[in-house]
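The values are calculated or read from the model by the stated rules, or taken from the named source; none is laboratory data. Keep in mind the model is a prediction, meaning the values are calculated, not measured. Reconstructed Cβ throughout: ideal geometry from the backbone, glycine too, with neighbour counts over all protein chains shown.
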Amino acid sequence: MPSLNWPDKALNPLPPAEFTLKSYIYPDGEDYPSKSPENHLYLGDNLKIMAALLPKYAGRIDLIYADPPFFTNKNFSARIGRGEDSRRPTEWKLSDGYTDHWKDIDAYLSFLYPRLVLMYQLLSPTGSFYLHLDWHADAYARLLLDEIFGRDRLINQIVWLYHGPSPIRNAFNRKHDTIFVYSKTKDYTFNCDAIREPYNPNTVKTFASSSKAGFGKIPNLERGKVPEDWWYFPVVARLHNERTGYPTQKPEALLERIIRASSKPGDLVADFFCGSGTTPLVASRLGRRFLAADATWRAFNTTRIRLAGLPSKPFSIWHEKAFNIPLAQIKIKAQIKDSKISLIDPPDLDYWEMDPDWDGKIFKSAAQQIRPIRNGEIPLFLNYPTLGDRIKIQAVTVNGELTESVIKTGIQ
Ligand SMILES: C[S@@+](CC[C@H](N)C(=O)[O-])C[C@H]1O[C@@H](n2cnc3c(N)ncnc32)[C@H](O)[C@@H]1O
């Protein structure tokens, strides 16, 4: 079998990450504080994170979706604050998103290869692995996946079609991505009935008008069909209600089809390049457990806010120990009257949350306020009936800086 080689091809994993458990988030206070979460969000380099997860999760993840940088050699900015409306680009306020810059294809493949191997190790024997790329590097990745999983373990090569403006004048517009689907064994989950879609109205009409259509094979028109391996979903730029401002965010409908097809309720779904958090968001909504990770604070933070606003099932937050979080200079001040906590003159916030009984160890977020994606202001107060003698508030400014304050309530 042919194989792909380059001079630095090697599997020299970094030492596993050392994590700090920072918070438990109970969106809308559900299950606070009794349950320790089954879902986890990690901030750090996924190579070290996956290495650290191996002892607990090797062979135990039911579905892994990976949407890594595509080898575009671009830097992607995130739109932040209130001006992220696509229709008014002059109002966009931009900040760092993530970089997809490489010295050459060798450097990119040296990044991708050990991560693919770790994801293979984490996948369960009945699990499926989805790798999302495009024309920049999909041919190389296909060879690596054939090597890691075995050529006969390719289940699908899905083409995701979309449309949108493009400045290109010397080639056809490049408007599709490639998603490779592999499994470890022949015994993998595929719920064909969970993803059926209606037949094209022309097909329905044809069968209604002629008994000879389909050469005697009459499809079950009511049940619908299993989708082809080419999918059309609009890009997130066109989906006002989904847009977080994070670059290269994928549509929820795309992840919904993947998760419904290749996992069952209660299964464990992972995305170690989670970006704005589309996979954990949809996984949680569909009753799956999740592991998610990203190496940038902006992505991690976007995911956290999105999950808190869903609201998702409780999840815990882990930081790689060496990670430097951008900290705001301003401390949050608050006034507490009866059960109402009101922030006093805070900076512009994307998010704030409160631990009503701060124990000085792990932050337990029982109530959250989120800046709405499109209209309206973030509420600057919270009502919480039972406060301990100290509460802790954590807030993230629109510039993505963290600020924390511990406040005495005067309640014994
Ligand atoms: C294409 S984006 C993912 C977008 C995501 N699917 C969504 O819907 O928002 C790729 C992500 O990989 C992350 N990333 C790149 N290198 C990484 C690494 N070594 N560890 C973890 N995440 C990484 C980037 O920060 C970026 O958020």
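Worth pointing out:
- Here region 57-73 is the region considered, the condition is being within 11 Å of the ligand (Cβ to nearest atom) and not aromatic (Phe, Trp, Tyr), and the residue that is farthest from Ser262 (Cα to Cα) is Thr72.
- Residues that are more than 9 Å from the ligand (Cβ to nearest atom), touching a Gly at 6+ places or on another chain (Cβ under 9 Å) and of a type in the set (D, E, K, R), drawn from region 235-253: Arg238
- The residue of region 115-135 that is nearest to the ligand (Cβ to nearest atom), among those that are surrounded by fewer than 18 Cβ atoms within 10 Å (Cβ to Cβ) and farther than 24 Å from Asp187 by Cα, is Asp134.
- Every pair of residues 6+ apart whose Cβ atoms lie under 8 Å, when the first sits in region 178-202 and is closer than 20 Å to Leu116 by Cβ while the second is assigned to a loop (DSSP other than H, G, I, E, B): Thr178/Asp134; Thr178/Trp135
- Residue list for region 126-168, restricted to those being closer than 16 Å to Phe70 by Cα and not hydrophobic (A, V, I, L, M, F, W, C): Tyr130, His132, Asp134, His136, Asp138, Tyr140, Arg142
- Subset of region 113-127 [among the hydrophobic types (A, V, I, L, M, F, W, C) and in a helix (DSSP H, G or I)]: Leu116, Val117, Leu118, Met119, Leu122
- Selection of region 148-160 for residues being touching a residue at least 40 places away in the same chain (Cβ under 8 Å) and surrounded by 17 or more Cβ atoms within 10 Å (Cβ to Cβ) yields Ile158, Trp160.
- Pairs where the first residue, in region 232-261, is under 16 Å from Ile179 (Cβ atoms) and of a type outside the set (Asp, Glu) and the second is assigned to a helix (DSSP H, G or I) and more than 8 Å from the ligand (Cβ to nearest atom), C-beta under 6 Å, 6+ apart: Phe233/Ala253; Phe233/Leu254; Leu255/Val282; Ile259/Val282; Ile259/Ala283; Arg260/Ala194
- Candidates Val204, Val226 - the one that is at pLDDT 95 or above, of a type in the set (Val, Ile, Thr) and not assigned by TED's automatic domain parsing to the domain that holds Thr126: Val226
- The single condition among (1) under 18 Å from the mean Cα position of the chain (by Cα); (2) hydrophobic (A, V, I, L, M, F, W, C); (3) closer than 30 Å to Leu116 by Cα that Leu154 does not satisfy is (1).
- In the set Ile330, Ile325, Ile336, Ile317, only one residue is of a type outside the set (Ser, Thr, Tyr), in contact (Cβ under 8 Å) with a residue 12 or more places away in the chain, in contact with a helix residue (DSSP H, G or I) (Cβ under 8 Å, 6 or more places away or on another chain) and surrounded by fewer than 20 Cβ atoms within 10 Å (Cβ to Cβ); that residue is Ile325.
- Matching residues in region 56-74 - criterion: being small (Gly, Ala, Ser) and at positive phi: Gly59
- Number of the exception - Ala295 against (1) touching a residue at least 24 places away in the same chain (Cβ under 8 Å); (2) more than 16 Å from the ligand (Cβ to nearest atom); (3) closer than 26 Å to Arg243 by Cβ: (2)
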